[in-house]
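First up is the structure itself, then whatever we jot down about it.
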Amino acid sequence: MKVITERDVFSMLEIKREHRQRNIRRFWGNRFAVTGSAILLVIILLVWIAPFLTTYGPLEVDPKNRLQAPSSEHWFGTDNFGRDLFSRVLYGAQVSISVGFSVALVASFLGLVIGLLCAYYAILDHVLMRICDGLFAFPSILLAIAIVAAMGPMKSNVILALVIVYTPSVARVVRSVALVVREQIYIEALRSQGASAWRIIWVHMAPNSTSPLIIQTSYIFAASILTEAALSFLGAGIPAPDPSLGNILLDGKSVIFNAWWMTVFPGVFIMAMVLGLNLFGDGLRDLLDPRNSQTKK
């Protein structure tokens, strides 16, 4: 049996440090990842310091100044109730980010659990995957509308509806990766040594199935923001008068030719958030799977 010396330990630590530094350099050298990160950081910073940037509250009504064009007093103008649009857009972006983050986090966790269990247990695979296939039969926006309509338009119900919509896609991705991991030699060796199913699934299969999960999470984050805005625009999302980028667009629909700022500014914020998340997801994909970047080259 080989004895691990202090020199071996330092050598392994040095290898890990070099690997970490190489990943950091690759991240900063990736245009998509850097651009997406910059966009997201700017938006998150604006949303975080919104109370200090805005003079007016998002629900503060001033009918005398309704539909005012952008000015030094109202940077994004006012809406059809005289509310400051800059304040409403920032607080609406805050709602979108909180909904998207919650959906991405919960859907990723549930999808990881379902995907691993389906990959390891054939019986659960037949049952849970057929349920996922049934949910896939419905367009995501229609399924979300049906769930929210049944439970009522509330932020928590919107999050629950989107979790139900996006969990099957995560579960399918994790299952496809976990099926490959399950057939590896070291998994067979663990079984032959009498390792429990819990240890095999959560200690060995789960860590080796997280790379595509992280990438999928960023895309679900972006899709959740877009779907939440669509639900609010259709009147099935965040109820008025609470600010949401979707219901701000809904208010601006009727005055789009007279008050262009009511549709342009919330639309730009939605586009920027989705673009930033998609670019960040592309960067993560190249970082976690170098074969993609090599193929592009």
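Things to note:
- Answer residue from region 63-96, given it is touching a His at 6+ places or on another chain (Cβ under 8 Å) and closer than 13 Å to Trp261 by Cβ and is surrounded by the most Cβ atoms within 10 Å (Cβ to Cβ) among those: Leu85
- Each residue in region 8-52 was checked for being part of a helix (DSSP H, G or I), at pLDDT below 85 and either of a type outside the set (Ser, Thr, Tyr) or within 20 Å of Met273 (Cα to Cα) (or both), and 23 pass.
- Spans of helices (runs of 4 or more DSSP H) in region 196-297 with at least 1 residues under 23 Å from Leu110 (Cα atoms): 210-233, 261-288
- Test: residue in region 80-101 that is assigned to a helix (DSSP H, G or I), in contact with a Lys or Arg (Cβ under 9 Å, 6 or more places away or on another chain) and under 29 Å from Ala206 (Cβ atoms): yes
- When region 243-284 is limited to residues that are in contact (Cβ under 8 Å) with a residue 12 or more places away in the chain, within 15 Å of Gly100 (Cα to Cα) and surrounded by fewer than 16 Cβ atoms within 10 Å (Cβ to Cβ), the one that is nearest to the chain's Cα centre (by Cα) turns out to be Leu275.
- From the options Ser211, Ser169, Ser196, Ser140, residue that is loosely packed, with under 15 Cβ neighbours inside 10 Å and either touching a residue at least 24 places away in the same chain (Cβ under 8 Å) or not basic (Lys, Arg) (or both): Ser196
- Matching entry among Val264, Val255, Val268 (being at pLDDT 90 or above and more than 25 Å from Gln216 (Cα to Cα)): Val264
- Look at (1) surrounded by fewer than 19 Cβ atoms within 10 Å (Cβ to Cβ); (2) modelled with pLDDT of 90 or more; (3) among the aliphatic types (A, V, I, L, M) and you find that Met154 fails only one, number (2).
- Unmet criterion (only one of (1) more than 23 Å from the chain's Cα centre (by Cα); (2) closer than 26 Å to Ala240 by Cα) for Arg182: (2)
The values are calculated or read from the model by the stated rules, or taken from the named source; none is laboratory data. Keep in mind the model is a prediction, meaning the values are calculated, not measured. Positions of Cβ are generated from backbone atoms using ideal geometry, with glycine treated the same way; all protein chains shown enter the neighbour counts.
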